Ligand code: FES
């Protein structure tokens, strides 16, 4: 579980204000969870509790409903989300091994986010470039013909770019 960032705390205050104007009733559960996720980018415990309290629904029921839907996420999205394609073509060409390599390199499991929030990992359905299988996206960039040996380099590239941006920001 990632600790709340200062941005999360500010967003929770926004959620608290907006939720007050929302209609009540059990039927509002999904719309309110969507509202919370739109504001925060994910559903931390605190957001689930706010929604549960507002609708007078048990918190574990709220979690149960939210976890049923793919659209909801419980970890903050990484700045560089890693999406490993698990469509049929990528799967048969070793997508699972690519996923495992990202997990090992980043020391998180699929569905999780690194503590510095730089990376998150998720498996996705076919991204439409099966000829390039296996495929992974790092941020917005698609990488085709992935191999386990490429994983380290891709992660390193993002880290170096971040350091460069930080240096440039420090010099300006
Ligand atoms: S199955 Fe991976 S791109 Fe189609």
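Values in this text are rule-based calculations from the coordinates and carry no lab data. What you are looking at is a predicted structure, and each value in this text was computed from that prediction instead of being measured. Neighbour counts are summed over all protein chains in view; Cβ atoms, including those assigned to glycine, are modelled from backbone coordinates with ideal geometry.
Any chance you could run the full-extension gain for residue 49 through residue 109? It's 0.36 nm times the residue separation minus the Cα-Cα distance, nm to one decimal.
Gain on extension, residue 49 to residue 109, equals 19.1 nm.
Please determine, in degrees from 0 to 90 and to the nearest 10, the orientation of helix 95-106 with respect to the longest principal axis defined by the Cα atoms of the chain, where the helix direction is its Cα long axis.
80 degrees
Pull out the extension gain between residue 161 and residue 89, defined as 0.36 nm times the separation in residues minus the alpha carbon to alpha carbon distance; nm, one decimal.
Going from the current span to full extension adds 22.8 nm.
Give me the orientation-averaged projected area of the Cα convex hull of the chain, in nm², one decimal.
With the hull built on Cα positions only, its mean projection is 11.8 nm².
Among 79-88, 34-43, how do they line up from the highest to the lowest mean number of other beta-carbon atoms within 10 Å?
Those peptides, ordered most packed to least, come out 79-88, 34-43.
Suppose each label sits 7 Å from its Cα in the direction of the beta carbon; what would the residue 118-residue 141 distance come out to in nanometres?
Result for the modelled spin labels: 1.4 nm.
Only bridges with both residues in the chain count here: give the DSSP antiparallel percent, nearest 5.
55 percent
Need one number: the % of Cα-Cα pairs in segment 6-68 sitting beyond the 18 Å mark.
23 percent
Binned at 10 Å from 0, what are the whole-percent values of the Cα-Cα distance distribution for segment 80-171, short to long?
Values per bin, smallest distances first: 18, 50, 24, 7, 1.
How do 99-106, 56-63 rank on mean C-beta neighbours within 10 Å, highest first?
Ranking the peptides 99-106, 56-63 by packing returns 99-106, 56-63.
To the nearest whole percent, what portion of all C-alpha pairs in segment 60-131 is separated by more than 14 angstrom?
In whole percent, the share of Cα-Cα pairs in segment 60-131 beyond 14 Å is 63.
If one takes the longest principal axis of the Cα atoms in the chain, at what angle in degrees, from 0 to 90 and to the nearest 10, does the Cα axis of helix 45-55 lie?
Roughly 30 degrees between the two axes.
Angle between the Cα long axis of helix 148-171 and the longest principal axis of the chain, 0 to 90 degrees, nearest 10?
Here the helix axis deviates by roughly 70 degrees.
Could you give the length gained on full extension between residue 20 and residue 70, defined as 0.36 nm per residue of separation minus the Cα-Cα distance, in nm?
Stretched fully, the residue 20-residue 70 segment lengthens by 15.4 nm.
Where a ≥ b ≥ c are the square roots of the eigenvalues of the C-alpha gyration tensor, would you call segment 20-104 rounded, which needs a/c under 1.5, or, failing that, prolate if a/b is larger than b/c, or oblate?
Prolate, since a/c reaches 1.5 and a/b exceeds b/c.
For the chain, what is the calculated [θ] at 222 nm in deg cm²/dmol (nearest 500), taking -39500 (n - 2.57) for each run of four or more DSSP H residues and dividing by its residue count?
Roughly -16000 deg cm²/dmol at 222 nm, from the helical runs in the chain.
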